[in-house]
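Novice: This is the structure, below, for whatever I ask next.
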Amino acid sequence: MREVKVNLGNRAYNIIIDRGLLARAGRLIARLPVGRKAMLVTNPLVGEMYADLLTESLSRAGITVTRVDVPDGERYKTLASAEMLYDRAFSAGLDRRCPVVALGGGVVGDLAGFVAATYMRGVPFIQVPTTLLAQVDSSVGGKVAVNHPRGKNIIGAFYQPALVISDTDTLRTLDGREIRSGLAEVIKYGIIGDAAFFNWLESNIDRVLALEPEALAHVIERSCRSKARVVENDETEQGNRAILNLGHTVGHAIEALAGYGRYTHGEAVAIGTAVAARMAVDMGLLQAEEEQRIRNLLARAGLPLAVPEELATGDIINSMYGDKKTFGGEITFILLKTIGSAVICKNVPEVYIDRAIDALREQSVDSQNR
């Protein structure tokens with residue numbers, strides 16, 4: 001069993017990584033100062049596979065479970081879904097010590113976390129992520145949110161979980177696209193602050209894609225440690241935590257404009273990362289050889305690199321101005337000086353954005369292996 005501690009004073013928590021953790025989850029959660037009732041939030045697909053196992057584990061630990069299924073997909077990560085969960089929590093008699101447990105990927109975690117942060121002004125929140133993307137990224141760091149028609153994750157909070165339980169056995173039921181989506185965030189950690197990890201990924205990406213247990217556990221632990229270091233130094237993204245947004249400025253715009261569901265979050269981030277690398281070369285920050293290494297690794301992971309032809313450059317840029325990472329009318333970009341070193345750039349001239357996006361339209365996204 002691997003364990004990563006996120007050191008945030010009285011909001012500190014552990015990330016536990018191992019195979020077969022769902023059957024042990026009740027015992028782990030019961031060690032926390034929580035009540036004897038819990039609301040388990042999941043989606044129908046994940047719930048069918050894992051909710052009974054988790055519920056049984058919680059029941060053995062003396063915790064009564066109310067299970068609520070939310071339809072799968074970003075379009076259901078809304079205030080309307082949150083209101084439904086408030087109603088179910090109230091009807092189940094959950095008080096301020098009763099945890100909300102998120103079983104699923106990033107959508108479930110974001111929504112359940114938002115409800116946990118706001119129901120009765122905050123109740124304990126437990127993350128049980130079942131996708132690679134959630135295990136390496138969205139379950140760690142305390143960002144919880146719902147979407148708004150005008151932007152992704154616009155309504156939210158910073159609210160740390162009390163515990164993260166990452167059962168790597170759940171990854172074996174994912175399709176290849178979901179694994180590849182998670183790898184976009186994994187590769188990001190190497191790019192922004194861990195050149196040695198990037199080098200390891202170049203040598204071992206095929207082992208990860210093959211879901212070799214030790215390679216997967218290493219990737220999850222290393223990614224969580226990287227994110228924990230950043231979060232510990234800047235919990236509410238007032239400064240350097242923004243480097244975790246590499247690829248997200250363009251990525252969120254592509255997700256929204258293309259319609260949620262066409263691209264996974266990781267696919268959109270991969271395209272955004274390719275745009276950011278191209279911009280960094282054009283601005284004289286990054287060597288072209290390092291951009292090519294980044295592109296090569298993303299491609300080997302089966303991720304798209306091209307900006308969709310039908311999305312106009314002007315529309316993408318306008319969408320970025322509405323993103324929550326924009327301050328005072330200035331778009332913030334995370335760019336690179338070298339692999340392993342990122343820099344926060346504000347007020348980037350639009351000419352660099354235009355040129356990078358246009359350069360990445362050379363290959364049709366439909367011809368890429370996703």
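The values are calculated or read from the model by the stated rules, or taken from the named source; none is laboratory data. Because the structure is predicted, anything quoted here is derived from the model rather than measured. All Cβ positions, glycine included, derive from the backbone under ideal geometry; neighbour counts span all protein chains shown.
Novice: Would a scan of segment 209-223 turn up a residue that is among the β-branched types (Val, Ile, Thr), assigned by TED's automatic domain parsing to the domain that holds Thr55, over 17 Å from His248 (Cβ atoms) and outside any strand (DSSP E or B)? First the steps, then the outcome.
Specialist: Of all residues in segment 209-223, those among the β-branched types (Val, Ile, Thr) come to 219-220.
Cutting the leftovers down to assigned by TED's automatic domain parsing to the domain that holds Thr55 gives us none.
No, segment 209-223 contains no residue that is among the β-branched types (Val, Ile, Thr), assigned by TED's automatic domain parsing to the domain that holds Thr55, over 17 Å from His248 (Cβ atoms) and outside any strand (DSSP E or B).
Novice: Could you grab the pairs with beta carbons closer than 9 Å, sequence gap of 6+ or different chains, first residue in segment 229-258 and free of Cβ contacts under 8 Å to residues at least 12 places away in the same chain and not assigned by TED's automatic domain parsing to the domain that holds Glu74, second one of a type in the set (Lys, Arg) and in a helix (DSSP H, G or I)?
Specialist: Asn233/Arg241; Asp234/Arg241
Novice: Further question: Would you check which residues across segment 272-293 are buried (at least 23 other Cβ atoms within 10 Å of the Cβ) and assigned to a helix (DSSP H, G or I) and list them?
Specialist: Answer for segment 272-293, where residues must be buried (at least 23 other Cβ atoms within 10 Å of the Cβ) and assigned to a helix (DSSP H, G or I): Gly272, Thr273, Ala274, Val275, Ala276, Ala277, Arg278, Met279, Ala280.
Novice: Are there any strands (runs of 3 or more DSSP E) wholly within segment 112-183 with 3 or more residues that are of a type outside the set (Gly, Ala, Ser), surrounded by fewer than 21 Cβ atoms within 10 Å (Cβ to Cβ) and in the same structural domain as Pro71 (by TED's automatic domain parsing), and if so which?
Specialist: On the way: elements: 125-129, 143-148, 151-158, 163-167.
In segment 112-183, the matching strands (runs of 3 or more DSSP E) lie at 151-158.
Novice: Please identify the pairs in which a residue from segment 285-302 that is assigned by TED's automatic domain parsing to the domain that holds Gly266 has its Cβ atom under 9 Å from the Cβ atom of a residue that is of a type in the set (D, E, K, R) and outside any helix (DSSP H, G or I), counting only partners at least 6 apart or on another chain.
Specialist: Every condition considered, the pairs that remain are Leu285/Lys337; Leu286/Lys337; Gly302/Arg370.
Novice: Condition (residue is part of a helix (DSSP H, G or I), in contact (Cβ under 8 Å) with a residue 60 or more places away in the chain and β-branched (Val, Ile, Thr)) applied to segment 67-82: is it met by at least one residue?
Specialist: The answer is no, given that none of the residues of segment 67-82 is part of a helix (DSSP H, G or I), in contact (Cβ under 8 Å) with a residue 60 or more places away in the chain and β-branched (Val, Ile, Thr).
Novice: Also, quick follow-up: Can you say whether Gly35 is in the same structural domain as Phe158 (by TED's automatic domain parsing), surrounded by fewer than 19 Cβ atoms within 10 Å (Cβ to Cβ) and touching an Asp or Glu at 6+ places or on another chain (Cβ under 8 Å), as far as the supplied structure shows? Walk me through how you get there before you give the answer.
Specialist: Values: in the same structural domain as Phe158 (by TED's automatic domain parsing): yes; surrounded by fewer than 19 Cβ atoms within 10 Å (Cβ to Cβ): yes; touching an Asp or Glu at 6+ places or on another chain (Cβ under 8 Å): yes.
When the stated conditions are applied, Gly35 passes them.
Novice: Does any residue in segment 352-370 that is modelled with pLDDT of 50 or more come within less than 8 Å, Cβ to Cβ, of a residue that is loosely packed, with under 14 Cβ neighbours inside 10 Å six or more places away or on a different chain, and which pairs are these?
Specialist: Arg361/Glu309
Novice: Moving on. State all residues of segment 46-78 that are surrounded by fewer than 17 Cβ atoms within 10 Å (Cβ to Cβ) and out of contact with any helix residue (DSSP H, G or I) (no Cβ under 9 Å at 6 or more places or on another chain); if no residue qualifies, say none.
Specialist: Glu48, Asp52, Arg75
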